[in-house]
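**Q** First the structure, which I've put down as structure tokens, then a few questions once you've had a look.
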Amino acid sequence: MINLNFVYPEIFLSISLMVMLLIGVFKKESSNIVYILSIFSLIILLVLNFNLFDKREIYLFNEGFKIDFLSTFMKVLIISSGIFVMLSSSIYLKATKIFKIEYPILLLSSILGMMIMISSNDLIVFYMGLELQSLALYVLASFNRDNQLSSESGLKYFVLSALSSGLLLYGCSLIYGFSGTTNFNQISLNINEVQYGLTLGIVFILVGLSFKISAVPFHMWAPDVYAGSPTSVTMFFAILPKVAALTVFIKFLYIPFINLIDQWQIILIFLSISSMIFGAVAAIGQENLKRLMAYSSISHMGFALAGLSVGTNEGIQSSIVYVSIYLVMNLAFFSCLFMLKRNNSYFENIDDLSGLSKNHPLLSLSMMITLFSLAGIPPLAGFFAKFYIFLAVVKEEMYFLAIIGLLSTVIAAFYYLRIIKIIYFDPEKEKFDSDHNIGLKFTLIISTILILIYFVFPSSLTNVISNINIL
Amino acid sequence: MIIHSIFFYIFSLIAIVSAIMVTVSRNTVHSVFFLILDFVSISCLFIMGGAEFLGMIMLIVYVGAVAVLFLFVVMMLNVTQQENEWFQSKKSKAKSSSHIPIGFLISTIIFFELIIVIGGWKLKPELSESFNLSVNNDLTNTHQIGYVLYTDYIHLFQISGMILLVSMIGAIVLTYRKKEGLKRQSYIKQISRDRSSGVEALEVEKNKGVSIDV
């Protein structure tokens, strides 16, 4: 007998999604209602997920689903950041005239796909979840279809992502061929010696996964897609898929293939080093804030992968801490971007920020805190995130990785500090609008406060995450 | 048994001939029709081989959807009378077409692949028995697929339903445009009209007429 009450969140989300679709179809002018309802359903989903916090491991559907602490924690991260993304972006959507009923529904279906990805314990389930989330993301990227850049970004993302999905499926088929099963637990039981086919399969799947988190050298899509798609979608792109893909990274590498760590560790170290360096160097010349955030997210994902490449429980925990702090910083940064509005048009270039501090002292203060935190300056949250990673890396005596990480932090600090300099010391420009809605303000305030006071209670997050023991 | 083999040869002959006709026919629409004929005869072969589910899926998916889509594309792009440049290129008669060597190469590769597959199958017959699937021979394979699809793989079945739903929503979002000023029929309004609101008596002035636009 299947314990369906452990998949209640997924079932609830799919049903509420369909109900909202029906409301949107049969009721005219219902975009607002559907938007609010979807925020509420996300909140209910969060509550349902909190009920699952348990240290037990529960297998469902022939071991195809695995509900454990890791998956529940990551789901909570995803759902809560989904709520904040939706809260902060409603005004933006209305101003750019893409406030349609399909927008929240596609967001929810993408979240559903991520939840399936996160709790998957089987290659097929994992792939289906991945397809569900990326199919919704293709449409979201080109949601502003009358805008050329948005359509371009959607098409680019679609073509490249389909290619990477193909590679990933090929890897899955190789693994199935060499181990005789698609189930993660069974795979780890069936692998006895190193087989080149399996290694090839792992490599192909890692290519597909690193495309999803835009790690170098599979990052080419990220800057264009981030800059082209609507800012609210960029915010979504920068946070949620990365959390989901990182969870799959952890599950995929540490459950079936932990015995082959010699094979994949070097790949992960390469991905991590190249992402850190490339993300730091390539962001220097950027003028567009969204493009800059794309490169910054590449570099941050490099750090998260550094934690994963260590191969210890501490490494995994440090990279989970990293990604949770990363999403808070991104929430803060993008809600600052939503505030740069003048006469219903949004500004996203670095020059537009010049002299912001004279007209908007509070906004520039929170932006400064966010940027300092992104640069990893103590005592803000971003410093602790990097600190845990370095701690885990140095403990395993991987000094080279740690040194590269430190160097790239220094390089990356340049462009974050440059923005702060432009905000505080450059000649001021026209005032921006200041009539922001409550959800946007709430998101910015919460995330800024979290960044600011993290150093007071650093153990509250790490204590929760220390329950995640995969190995 | 003899009837069985007669049907087998008829269907395979049709399949092969129509596959050749797909490539050599000058009219693109004819090519698509031959493709449909090819699909239909192959699905008949599947059904004869006892794989009726595969045959029906072939009919529904390839004939019902893919081939019709091809037909639409051909008609939309208006390439019905394509120049036949398979055997000689029109522009420079001296040079022969570049399609032939590439096509020949690909067919050779496929041919050798077939030889390898059949060789492996003939030389190592225990390969096909190594699958430890428990097959109940009393049931048709549609039944068998149904038994696992709705029990062991119900979650995947449901997720694929969600994927199809999302793809449908996405297609509508990206292509549907609301037309302004489109006149639609509203039955409620038509039925609930009564004489007082529908008919109006007007005093028509001589040599002037009235404007009856509403």
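The values are calculated or read from the model by the stated rules, or taken from the named source; none is laboratory data. Note that this is a predicted model, so its numbers are computed, not measured. Cβ sites come from the backbone with ideal geometry, for glycine too, and all protein chains shown count toward neighbours.
**Q** Name the one entry in A:323, A:393 that is crowded, with 22+ Cβ neighbours inside 10 Å and over 21 Å from the mean Cα position of the chain (by Cα).
**A** Matching residue, one of A:323, A:393: A:393.
**Q** While we're looking at this one, here's another question. Take residue A:194 and tell me if it is more than 12 Å from chain B (Cβ to nearest Cβ), in contact with a Leu (Cβ under 7 Å, 6 or more places away or on another chain), assigned to a loop (DSSP other than H, G, I, E, B) and surrounded by fewer than 22 Cβ atoms within 10 Å (Cβ to Cβ).
**A** Answer is yes for this residue.
**Q** For residue B:22, are the conditions met, namely being assigned to a helix (DSSP H, G or I) and more than 17 Å from residue B:70 (Cα to Cα)?
**A** Here the answer is no, as residue B:22 does not meet what is asked.
**Q** Can you say whether residue A:124 is within 11 Å of another protein chain (Cβ to nearest Cβ), in contact (Cβ under 8 Å) with a residue 60 or more places away in the chain and either within 18 Å of residue B:176 (Cβ to Cβ) or assigned to a helix (DSSP H, G or I) (or both), as far as the supplied structure shows?
**A** Yes: the conditions hold for residue A:124.
**Q** Let me ask you something else. Taking segment A:127-145, which residues are at the interface with another protein chain (Cβ under 10 Å from one of its Cβ atoms) and not in a helix (DSSP H, G or I)?
**A** Once the filter is applied, which keeps residues that are at the interface with another protein chain (Cβ under 10 Å from one of its Cβ atoms) and not in a helix (DSSP H, G or I), segment A:127-145 yields A:142, A:143, A:145.
Residues are listed down the side, and each one gets a yes or a no for (1) over 25 Å from the mean Cα position of the chain (by Cα); (2) surrounded by fewer than 19 Cβ atoms within 10 Å (Cβ to Cβ):
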position	(1), (2)
A:329	no, no
A:332	no, no
A:345	yes, yes
A:367	no, no
A:375	no, no
A:378	no, yes
A:386	no, no
A:397	yes, yes
A:405	no, no
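**Q** Yes or no: segment A:37-48 includes at least one residue that is within 14 Å of chain B (Cβ to nearest Cβ) and farther than 30 Å from residue A:460 by Cβ.
**A** So far as segment A:37-48 goes, no, none of its residues is within 14 Å of chain B (Cβ to nearest Cβ) and farther than 30 Å from residue A:460 by Cβ.
**Q** Looking only at residues that are at pLDDT 80 or above and surrounded by fewer than 18 Cβ atoms within 10 Å (Cβ to Cβ) in segment A:49-59, which one is farthest from the other protein chains (Cβ to nearest Cβ)?
**A** Only one residue fits best here, namely A:50.
**Q** Would you check if residue A:75 is part of a helix (DSSP H, G or I), among the charged types (D, E, K, R) and within 30 Å of residue A:448 (Cα to Cα)?
**A** yes
**Q** Restricting the search to segment A:146-155, which residues are assigned to a helix (DSSP H, G or I), surrounded by fewer than 24 Cβ atoms within 10 Å (Cβ to Cβ) and not charged (D, E, K, R)?
**A** The answer is A:148, A:149, A:150, A:151, A:155.
**Q** May I ask you to list the residues in segment B:173-199 that are surrounded by 10 or more Cβ atoms within 10 Å (Cβ to Cβ) and away from chain A (no Cβ under 13 Å)?
**A** B:193
**Q** So, in segment A:110-143, how many residues would count as being among the β-branched types (Val, Ile, Thr) and touching a Phe, Trp or Tyr at 6+ places or on another chain (Cβ under 7 Å)?
**A** 1
**Q** Okay, moving on. Please pick out the residue among A:33, A:23, A:39 that is more than 30 Å from residue A:123 (Cβ to Cβ), touching a Ser or Thr at 6+ places or on another chain (Cβ under 8 Å) and not acidic (Asp, Glu).
**A** Just one listed residue meets the conditions, A:23.
**Q** Turning to a different aspect of this structure: Might you check whether a residue that is among the hydrophobic types (A, V, I, L, M, F, W, C), closer than 18 Å to residue A:319 by Cα, touching a helix residue (DSSP H, G or I) at 6+ places or on another chain (Cβ under 9 Å) and buried (at least 24 other Cβ atoms within 10 Å of the Cβ) occurs anywhere in segment A:278-296?
**A** For segment A:278-296, residues among the hydrophobic types (A, V, I, L, M, F, W, C), closer than 18 Å to residue A:319 by Cα, touching a helix residue (DSSP H, G or I) at 6+ places or on another chain (Cβ under 9 Å) and buried (at least 24 other Cβ atoms within 10 Å of the Cβ): absent.
**Q** Let me ask something additional. Is there any pair with a first residue in segment B:147-172 that is more than 7 Å from chain A (Cβ to nearest Cβ) and assigned to a helix (DSSP H, G or I) and a second that is of a type in the set (Gly, Ala, Ser) and surrounded by 12 or more Cβ atoms within 10 Å (Cβ to Cβ) whose Cβ atoms are under 8 Å apart and which are 6 or more apart or on different chains, and what are they?
**A** Every condition considered, the pairs that remain are B:158/A:14; B:165/A:109.
**Q** Please find, within segment A:25-35, the residue that is nearest to the other protein chains (Cβ to nearest Cβ) out of those that are assigned to a helix (DSSP H, G or I) and over 22 Å from residue A:114 (Cβ atoms).
**A** A:25
**Q** Sort through B:5, B:41, B:31 and tell me the only one that's over 30 Å from residue B:139 (Cβ atoms) and either assigned to a loop (DSSP other than H, G, I, E, B) or small (Gly, Ala, Ser) (or both).
**A** It is B:31.
**Q** Could you list, in sequence order, all residues of segment A:134-156 that are farther than 19 Å from residue B:172 by Cβ and of a type outside the set (A, V, I, L, M, F, W, C)?
**A** A:148, A:152, A:153, A:156
Okay, residues lined up against (1) in a helix (DSSP H, G or I); (2) basic (Lys, Arg):
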position: A:405; (1), (2): yes, no
position: A:408; (1), (2): yes, no
position: A:413; (1), (2): yes, no
position: A:419; (1), (2): yes, no
position: A:428; (1), (2): no, no
position: A:432; (1), (2): no, no
position: A:436; (1), (2): no, no
position: A:441; (1), (2): yes, yes
position: A:454; (1), (2): yes, no
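**Q** Next question, about the same structure. Given (1) of a type outside the set (Val, Ile, Thr); (2) within 14 Å of chain B (Cβ to nearest Cβ); (3) part of a helix (DSSP H, G or I), where does residue A:97 come up short, assuming only one miss?
**A** Here residue A:97 clears every test but (3).
**Q** State the number of residues belonging to segment A:400-429 that are among the small types (Gly, Ala, Ser) and either over 11 Å from residue A:371 (Cα atoms) or free of Cβ contacts under 8 Å to residues at least 24 places away in the same chain (or both).
**A** Going through segment A:400-429 one residue at a time, the tally reaches 3.
**Q** Identify all residues within segment A:352-377 that are among the hydroxyl-bearing types (Ser, Thr, Tyr) and either more than 15 Å from residue A:453 (Cα to Cα) or touching a strand residue (DSSP E or B) at 6+ places or on another chain (Cβ under 8 Å) (or both); write none if there are none.
**A** Passing the criteria: A:354, A:357, A:364.
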